[in-house]
Amino acid sequence: MTDLIEDAIDLEHRLAPEPIQKVSIVVSKGSLEGIYPALIMANGARMEGIDADLFFTFFGLDALRKDRVDKMKVATVGNPGMHMPTLIGALPGMSWLATKMMSRQMEKLDIPPVHEFLELIHDSGGHIYGCHATVEMFGLKDEDFIPEVDGVLTVGEFYERSAGAQVIFT
């Protein structure tokens, strides 16, 4: 009977899923509600000792731009999560108001602003990359980015870095 129990325990260990060792997170949206989930997940991964790479593409790249990182806003137009008609979301000042309200809530929860969050992730060993195609498309240069950016990668280089990782899109 003891052998049967030991065999069952051994089988359970062999069938148990491997713990996540690495995550690669793709950030393609340039609004606060598009960027914060990626930052929270990357920070949580680093806190658990999991390797984390962030890959910013299209409008998500705004979070890495010196001229825009501190100006991220909540998207109120066409955002079903706002639970308001698009017409209301388009009224002047609605995006500012929603951004102000979200920023206050984040502050109450001790969640840092975007740039500070990126610094925290970078300083904890996370890696932050821009998308080469997007950088080229928008005519950006290295000096346009915050210092925490570890580089600009092609999609192929991103896939190489992501070998063995869980790839997450936000």
In the range 64-102, residue modelled with the lowest pLDDT [restricted to those that are farther than 21 Å from VAL114 by Cβ and open to solvent by 90 Å² or more (accessible area, probe 1.4 Å)]: LEU87
task: Check off (1) surrounded by 12 or more Cβ atoms within 10 Å (Cβ to Cβ); (2) closer than 16 Å to VAL167 by Cα; (3) modelled with pLDDT under 85 for THR57 and give me the number that stays unchecked.
output: (3)
- prompt: Restricted to the range 39-54, and to residues that are within 10 Å of the chain's Cα centre (by Cα) and farther than 14 Å from TYR129 by Cα, which residue is least open to solvent (accessible area, probe 1.4 Å)?
  reply: ASN43
message: Of the conditions (1) at pLDDT 95 or above; (2) loosely packed, with under 10 Cβ neighbours inside 10 Å, VAL26 satisfies every one except a single condition; which number is it?
response: (2)
query: In the range 124-135, is there at least one residue being free of Cβ contacts under 8 Å to residues at least 12 places away in the same chain and either in a loop (DSSP other than H, G, I, E, B) or loosely packed, with under 12 Cβ neighbours inside 10 Å (or both)?
result: no
- line: Filtering the range 147-170 down to residues that are part of a strand (DSSP E or B) and closer than 24 Å to GLU33 by Cβ yields GLN166, VAL167, ILE168, PHE169
query: Do we have any residue at all in the range 3-19 that's surrounded by 14 or more Cβ atoms within 10 Å (Cβ to Cβ), under 21 Å from GLY126 (Cβ atoms) and at pLDDT 80 or above?
result: no
query: Looking at the range 139-146, is at least one residue in a loop (DSSP other than H, G, I, E, B), in contact (Cβ under 8 Å) with a residue 40 or more places away in the chain and either of a type in the set (A, V, I, L, M, F, W, C) or farther than 18 Å from TYR36 by Cα (or both)?
result: yes
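The values are calculated or read from the model by the stated rules, or taken from the named source; none is laboratory data. Treat the numbers as computed from the prediction; the structure is a model and nothing was measured. Virtual Cβ from ideal backbone geometry, glycine too; neighbours counted across all protein chains shown. What goes into the accessible areas is simple: the full protein's heavy atoms, side chains included, and nothing from ligands, DNA or RNA. Shrake-Rupley method; radii C 1.70, N 1.55, O 1.52, S 1.80 Å.
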